[in-house]
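Undergrad: Sharing a structure below in structure tokens format, with a few things to ask.
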Amino acid sequence: MDTALYAACSLAGWIAFGYMLRLQRRQPSHARGAICVALGAFAFGITLAVPPLATAIDHASGLPNLAKVLSHGCAMTIAVSAESMLLHLALPPRTAAARVRLWMLVTGGAFLAMVGLFAYTLTYDSPVLLTVEYATDPAVTAYLLIFMTLGFFAYCTDIARLCWRFAQICGRPWLRRGLRVTAVGAAFALLYSTNKIVYLVAYWNGYRPTGEREIAAVLVTIGALLMMVGLTMPAWGPIFAITRRWDDYRSYRQLEPLWRDLIAELPELELDASLRRPLTAVRDIDYALTRRVAEIRDARLALRPYMDARVTVLAEQFAEQAEVTDEEQGAAVEAAHLACAVRAHRAGLAAELIQPAGDLHRPAGGYAGEVSWLTLVSAAYARSVVVARTLTASRHLRSSRSPLGDARR
């Protein structure tokens, strides 16, 4: 299982590294450069950790544990790079640079100590592995403790703390989300190191629990993938914002049939005629869509005196005969009401039996639900047979109506 997990992480790491390297070449920045180093170290290190490849490297070099030491060095490089990026985001440049240099000196010294311990194990008559199964050996214990306490505990604690703190004050949505995902990934990395240390203590005390490799593989995979996603999210996340803007523009266009007739009948409700120009709406589609939704709802309220409850009965009868969903039936009834109200307003005839205010449909889901509902109403207004049949059948109701001025006296 660990081979498959490490291989999947390796593939994801190389893809992410290639993507970020391409962005760094186009738009260089300190933070993006640090992420590139981190992802490159991650991809290289996790590739070295794939068990068959690690075994092949050890055999080819004649140095047991060489692949593991190189992989651990890559892990510490990842930590330094991520720390550097976060410090430059959270602190003034001079302060951040000083902190980064300190971390690099401490990490470099720790890794040199690890290399020294690794070299010492090569003098043994019987080879040992740098794993918890050999924790009874003092050199292996010292090596793993240095790696776990500094490479994971110290760094991941600081990374999680900085990510979560900076996310609370960050104004860029995708950077904020990425920092929080990175913080969760760092928490999984802490669980990974905790798992290692618990097993290390157990083996040192003569116990032989099983399952350490499988648990470690799952934790390091989850932690690594989350941190990789979080660190790259500010780069690829805005793509989804572009998708949302396209969806908003499509909704804006879908509302046009209904909005056009309502504003033609009630032109005083249109507050920004510049939005009729397509390019103006595209440049600020959030504002344009909000205005269109508001104007449709304002028109719906303005037409209430012309909305006859008897039209509801007719429209519901025709909607039940149509083979559509319940939501589409409701939208068709609403569209039929608006079409009949526009006609009555044009004729100046008030409704004899005004539709109760409580019958106004209020969709769930907030603003997004409102947009979704009105696009259905607009589609029904333009194409539904229910609207056409209701307009025809409701003509006989006009004879019993009075002009609006008379109805209000």
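The values are calculated or read from the model by the stated rules, or taken from the named source; none is laboratory data. Just so it is clear, the structure is predicted and the values come from calculations on it, not from any experiment. So basically every Cβ, Gly included, is an ideal-geometry build from the backbone, and we count neighbours across all protein chains shown. Areas reflect the complete protein model, heavy atoms only, side chains present, ligands, DNA and RNA absent. Shrake-Rupley method; radii C 1.70, N 1.55, O 1.52, S 1.80 Å.
Undergrad: Which value, in Å², gives the accessible area per residue of region 69-130 when a 1.4 Å probe is used on the protein heavy atoms?
TA: Numbers: 3120 Å² over 62 residues.
Value returned for region 69-130: 50 Å² of accessible area per residue.
Undergrad: Through the Karplus equation 6.51 cos²θ - 1.76 cosθ + 1.60, θ set to phi - 60°, convert the phi angles of region 53-61 into ³J(HN,Hα) values in whole Hz; use x for Gly and Pro.
TA: Couplings: 5, 4, 4, 5, 5, 4, 5, 5, 8 Hz.
Undergrad: Calculated FRET efficiency, LEU11 and TRP236, Cβ-Cβ r, R0 25 Å, to nearest 0.05? Please report the intermediate quantities before stating the final value.
TA: Working: r = 17 Å, r/R0 = 0.68.
My answer for the efficiency is 0.90.
Undergrad: Need one number: the % of Cα-Cα pairs in region 96-173 sitting beyond the 22 Å mark.
TA: Values: 1253 of 3003 pairs.
Across region 96-173, Cα pairs with separations above 22 Å total 42 percent.
Undergrad: Give me the orientation-averaged projected area of the Cα convex hull of the chain, in nm², one decimal. Before the final figure, lay out the partial values.
TA: Working: hull surface 115.8 nm².
So the mean shadow area of the Cα hull is 29.0 nm².
Undergrad: Give the value in nm², to one decimal: projected area of the alpha carbon convex hull of region 34-98, averaged over all directions.
TA: Numbers: hull surface 18.7 nm².
Mean projected area of the Cα convex hull: 4.7 nm².
Undergrad: Which value in deg cm²/dmol, rounded to the nearest 500, describes the helix-derived mean residue ellipticity at 222 nm for the chain, given -39,500 (n - 2.57) per DSSP H run of n ≥ 4 and division by the residue count?
TA: Details: 18 runs with 308 residues, N = 409.
So the calculated ellipticity at 222 nm is -25500 deg cm²/dmol.
Undergrad: If you don't mind, there's one more thing I want to ask. Going by amide H atoms built from the backbone, whose H comes under 5 Å of the H on ALA350, apart from near neighbours?
TA: SER402, LEU404
Undergrad: Can you work out the Karplus-derived ³J(HN,Hα) for every residue in region 100-117? Use 6.51 cos²θ - 1.76 cosθ + 1.60 with θ = phi - 60°, whole Hz, and x for glycine or proline.
TA: Using θ = phi - 60°, the values come out as 5, 4, 4, 4, 5, 5, 5, 5, x, x, 5, 5, 4, 5, 5, 5, x, 5 Hz.
Undergrad: Output wanted: per-residue J couplings in Hz (rounded whole) for region 194-203, from phi through Karplus 6.51 cos²θ - 1.76 cosθ + 1.60, θ = phi - 60°, x for Gly and Pro.
TA: Taking θ as phi minus 60°, the curve returns 4, 4, 4, 5, 4, 5, 4, 5, 4, 5 Hz for region 194-203.
Undergrad: Also, I was wondering about something else. Run the simple label-point estimate for LEU266 and VAL201 please: 7 Å along Cα→C-beta, distance reported in nm.
TA: Label at LEU266, label at VAL201, 7.0 nm between them.
Undergrad: I would also like to ask the following. For labels at ALA368 and ALA294 in the simple 7 Å Cα→Cβ model, what's the distance in nm?
TA: The two pseudo-label positions are separated by 2.2 nm.
Undergrad: On full extension of the chain, what length is gained from THR157 through LEU21, given 0.36 nm per residue of separation minus the C-alpha to C-alpha distance?
TA: Values: separation 136, 0.36 × 136 = 48.96 nm, distance 2.71 nm.
Full extension from THR157 to LEU21 adds 46.3 nm.
Undergrad: How do GLU83, GLU256 stack up against each other in accessible area, from largest to smallest, with a 1.4 angstrom probe? The partial results should precede the final answer.
TA: Details: GLU83 0, GLU256 45 Å².
The most accessible residue leads, giving GLU256, GLU83.
Undergrad: What distance in nm lies between label points placed 7 Å from Cα along the C-beta direction at ALA31 and ARG304?
TA: Using points 7 Å along Cα→Cβ, the separation is 4.8 nm.
Undergrad: A further question follows. Could you tell me what percent of the accessible area of the chain is made up of carbon and sulfur, with a 1.4 Å probe and every protein chain present?
TA: On the way: 12870 of 20380 Å².
Heavy-atom surface of the chain belonging to carbon and sulfur, 1.4 Å probe: 63 percent.
Undergrad: Turning to a different aspect of this structure: Accessible area, 1.4 Å probe, largest first: how do ARG383, ARG300, ARG101 sort?
TA: Working: ARG383 185, ARG300 5, ARG101 140 Å².
Descending order: ARG383, ARG101, ARG300.
Undergrad: Okay, next question. ARG172: net charge of surrounding residues, Cβ under 15 Å, Lys/Arg +1, Asp/Glu -1, itself excluded? Let's see the in-between values first.
TA: On the way: positive: ARG32, ARG176, ARG177, ARG180; negative: none.
Net charge in that neighbourhood comes out at +4.
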